[in-house]
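Below is one structure, written out as structure tokens; comments come after it.
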Amino acid sequence: MPNEPDAIMLFAAGFGTRMGALTADRPKPLIEVAGRPLLDHALDVAVAAGGSHIVVNAHYKADQIAAHLTGRDVKIAYESPEILDTGGGLRAALPLLSAATIHTMNTDAVWRGPNPLRFLTAAWRPEVMDALLLCLLPAQAIGHAGHGDFLINEAGILSRGAGLVYSGAQIIKADTLKHMPDAAFSLNSVWDKVMAAGRLHGCIYPGKWCDVGHPGGITLAEDMLDAADV
């Protein structure tokens, strides 16, 4: 079915500046949590979710990302000479993804609970949605600083506001990216257009998620993975 998510994009191109010295000699997706690179944690989720193609984008220290993925059934979307941000990076990777509807996920987080991409697929309704964002209650978003990103109404439609935390995982239709004017742009710009049409939806993840975008997130993530409760 053309509107069913059939490919997975993992974002791994960023500079990881919040990690400070930890990313001086490696890209953030290769920082280890519980003895394994963040990228491998994300790949575990992606492989278990299925999909016909998995694509990882790369820019900062892209050679290390490529070397790490050698021998795996994963394609790499290289961003050069400039980084393209989330929206531009996804649009540039569409030829490799070869799908009309795509899962995307950041690689700087660790999950505990049901597979987040499968959870999204179960909630996906393409007849009323152009994008479906996986969100969390603030208490379930470990290591996240801030007041939240979205409000959700009784129909599951999202609006901007302090409330739910966006997890970095979503389903989005590829054609929402077509008419963005710039090469580099954020997915936030796409969401604003989808939101204006009433077709930006959200669902709430029942497990836990830890932001590993900053050094303190490493210990928090390892404690979350070791904890007895979900």
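The values are calculated or read from the model by the stated rules, or taken from the named source; none is laboratory data. In this text the structure is predicted, and so the values were computed from the model without any measurement. Quick reminder, even Gly has a Cβ in these numbers, built from the backbone with ideal geometry, and neighbours come from all protein chains shown. The accessibility values were calculated without ligands, DNA or RNA, using every heavy atom of the protein model including side chains. Shrake-Rupley method; radii C 1.70, N 1.55, O 1.52, S 1.80 Å.
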Of Lys193, Lys208, the only residue that is over 25 Å from Pro37 (Cβ atoms), surrounded by fewer than 23 Cβ atoms within 10 Å (Cβ to Cβ) and among the charged types (D, E, K, R) is Lys193
Need a quick list: strands (runs of 3 or more DSSP E) entirely within the range 81-143 having at least 3 residues that are free of Cβ contacts under 8 Å to residues at least 60 places away in the same chain, in contact with a Pro (Cβ under 6 Å, 6 or more places away or on another chain) and among the charged types (D, E, K, R).
none
Filter the range 211-230 for residues that are open to solvent by less than 40 Å² (accessible area, probe 1.4 Å) and either at pLDDT below 95 or more than 28 Å from Asp40 (Cβ to Cβ) (or both) and give the result.
Gly213, Ala227
Going through the range 56-74 in order, the residues found to be touching a Pro at 6+ places or on another chain (Cβ under 7 Å) and either of a type in the set (A, V, I, L, M) or open to solvent by less than 20 Å² (accessible area, probe 1.4 Å) (or both) are Ile65
Given the conditions (1) under 14 Å from Gly89 (Cα atoms); (2) without any contact (Cβ under 8 Å) to a residue 60 or more places away in the chain; (3) in a helix (DSSP H, G or I); (4) not hydroxyl-bearing (Ser, Thr, Tyr), which single one is not true for Pro181?
(3)
